[in-house]
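Just below is one structure, and these are the notes that go with it.
The values are calculated or read from the model by the stated rules, or taken from the named source; none is laboratory data. Since this is a predicted model, take the numbers as computed values, not measurements. We place every Cβ from the backbone using ideal geometry, glycine too, and count neighbours over all the protein chains shown.
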Amino acid sequence: MLSSARARLLLALATVTPVLLYWGFAGTDLSTEPDQPLDTPSSFDFFMRDATTTYWNRDGDIDYRWQTPELRHFPQRKGSELVAPTATQPTDDGGAYKMRANEGWIEDDQSQIALAGDVEVHHNPQTGPGSVLTTSTLNLYPPRDFARTDAPATLTRGNDRTDTVGLEVYFDERRVEMLSNVQGRYDAP
């Protein structure tokens, strides 16, 4: 006759064995890799320090140049995070646009660059007064020579100042369209 301890052991094995067999043969849908948020340190595949990236146009001239103390590339998001980026974009007349922000994001195909945090765009023409655009966010579209923000922005040129909510910049045409709540102060010469 079986002792009560052996009977309990056999009963436990009889109960657990079908579950273990099912689990072993049917498999599980547990992932072999844990899910990770897109922005963890282990989700980027490379980084660069003191990076300078130069983009050339079809004529072989510099289209624009980015510099950042640190760049991290995120393959799942198909882009790179820029820390304190600065950029220079030459103009046809020998001047340049100089940009800076606290942080940035650039798509792998360079179709869009998002800047955030104390964004400044300085237009330094070869002749005449320069201008400065300040805003909290700015999306640049390099293939279209275009930039846009829906955030409040300020444009200053000399002693003149214009505030707006939202604007569009057409770099190739040297034109700015202010979208709403436009207020300006102009000093007469």
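When you look at Ala116, is it modelled with pLDDT of 95 or more and either in a strand (DSSP E or B) or in contact with a Phe, Trp or Tyr (Cβ under 7 Å, 6 or more places away or on another chain) (or both), yes or no?
For Ala116, the condition - modelled with pLDDT of 95 or more and either in a strand (DSSP E or B) or in contact with a Phe, Trp or Tyr (Cβ under 7 Å, 6 or more places away or on another chain) (or both) - is met.
Looking only at the stretch 86-113, filter to residues that are small (Gly, Ala, Ser) and closer than 20 Å to Ser131 by Cα; which one of those is modelled with the lowest pLDDT? Spell out how you get there, then give the answer.
Taking the stretch 86-113 and keeping what is small (Gly, Ala, Ser), we get 87, 94-96, 101, 104, 111.
Now drop any that are not closer than 20 Å to Ser131 by Cα, which leaves 87, 94-96, 101.
Numbers: Ala87: 91, Gly94: 82, Gly95: 85, Ala96: 87, Ala101: 97.
Checked the stretch 86-113; the qualifying residue modelled with the lowest pLDDT is Gly94.
Take the stretch 45-101 and flag every residue that is among the hydroxyl-bearing types (Ser, Thr, Tyr) and touching a residue at least 24 places away in the same chain (Cβ under 8 Å).
If the condition is that a residue be among the hydroxyl-bearing types (Ser, Thr, Tyr) and touching a residue at least 24 places away in the same chain (Cβ under 8 Å), then Tyr55, Tyr64, Thr68, Ser80, Thr88, Thr91, Tyr97 are the ones that fit.
Please find, within the stretch 149-189, the residue that is surrounded by the most Cβ atoms within 10 Å (Cβ to Cβ) out of those that are on the phi < 0 side of the Ramachandran plot and outside any strand (DSSP E or B).
Phe171
If I filter the stretch 57-85 down to residues being polar (S, T, N, Q) and either at pLDDT 90 or above or within 17 Å of the chain's Cα centre (by Cα) (or both), which single residue comes out as farthest from Leu140 (Cα to Cα)?
Result: Gln76.
Taking the conditions exactly as written (surrounded by fewer than 17 Cβ atoms within 10 Å (Cβ to Cβ), under 18 Å from the mean Cα position of the chain (by Cα), under 20 Å from Thr54 (Cα atoms) and among the aliphatic types (A, V, I, L, M)), does Val121 satisfy them or not?
Criteria not met by Val121.
What residue, of Thr32, Thr54, Thr28, Thr17, is farther than 30 Å from Pro152 by Cβ, at pLDDT below 60 and either charged (D, E, K, R) or outside any loop (DSSP other than H, G, I, E, B) (or both)?
Thr17
One residue is enough: does the stretch 126-140 have a residue meeting the conditions in contact with a Phe, Trp or Tyr (Cβ under 7 Å, 6 or more places away or on another chain) and surrounded by 14 or more Cβ atoms within 10 Å (Cβ to Cβ)?
No; the residues of the stretch 126-140 include none that is in contact with a Phe, Trp or Tyr (Cβ under 7 Å, 6 or more places away or on another chain) and surrounded by 14 or more Cβ atoms within 10 Å (Cβ to Cβ).
Has the stretch 77-91 got at least one residue that is surrounded by fewer than 12 Cβ atoms within 10 Å (Cβ to Cβ), part of a strand (DSSP E or B) and not aliphatic (A, V, I, L, M)?
no
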